[in-house]
């Protein structure tokens, strides 16, 4: 199985995301690849850094990476396979290069604030990977992994026509977990037909193997209000979105911020 890549920076939020990733990996039988990107301080980039100072910084990074790796190994009671790597360069460039080499099942990162806000509007770290051709799971601050019981897939008719998420391995794995509930949610606007979306959904569902998601159509005057009301008390363990042109969640930044006030669950962003 392909690994789960977890970029870390040793903040508490980053460590929390690593713990979440470790618990998730253990539940689906995946391995963990911890990645620390050592960035040369800007104040030192214009002049050569003393070799001893450079080695000390590298050593400190490696020590923290090893400590985190050992913590996750103990957390899994020795059942989880964990690898760790340290790269030198920019966050964006090195994550992209590393993922091309590892071809991960999933990239897991921590982000302060609502997970969906960071997928749509972006913190620095999430913005660096938001266009990677791999699923990116953003873990909101303080959220801990619980066994996946309810996964919400927010999509539109265009997503279904494109076959998403039929060919998404990580969703296939989650869909096969015991007791999981997978639900496709669509906000029906005034200019859309419920029967047309239902037909597209039934055709898409007939091509699935193993997965048997339910359908929930939410009627609302606009997408923001509809998703906000649905997410506020639905109790989902994971929200899956497909950021792309004309996607149901691809709207103005101010609207996105209103939506994520009620979204405190991890958000998985899957690109075409």
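Every number in this text was worked out from the coordinates using simple rules, so none of it is lab data. Computed from a prediction, not measured in an experiment: that's the story for all the values here. No Cβ is skipped: glycine too gets one built from the backbone with ideal geometry, and neighbour counts run over all protein chains shown.
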Fewest to most Cβ atoms within 10 Å: 99, 234, 155 sort as 234, 99, 155
With a Förster distance of 41 angstrom and the Cβ-Cβ distance between residue 27 and residue 88, calculated FRET efficiency to the nearest 0.05 equals 0.80
Spacing of the two label points (7 Å from each Cα toward its C-beta) at residue 149 and residue 79, in nm: 1.9 nm
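Between residue 229 and residue 39, what length in nm is gained on full extension when 0.36 nm per residue of separation is reduced by their alpha carbon distance?
Extra length available between residue 229 and residue 39 comes to 64.3 nm.
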Find how much the distance from residue 202 to residue 60 grows on full extension, using 0.36 nm per residue of separation minus their present alpha carbon separation; answer in nm with one decimal. 45.7 nm
With a 10 Å Cβ neighbour count serving as the proxy for reagent exposure, in which order, fewest first, do 191, 159 appear? 191, 159
Need one number: nm distance between label points at residue 2 and residue 217, each 7 Å from Cα along Cα→Cβ, rounded to one decimal. 3.4 nm
Quick note on 184, 138, 108, 143, ordering by fewest other C-beta atoms within 10 Å, gives 143, 184, 108, 138
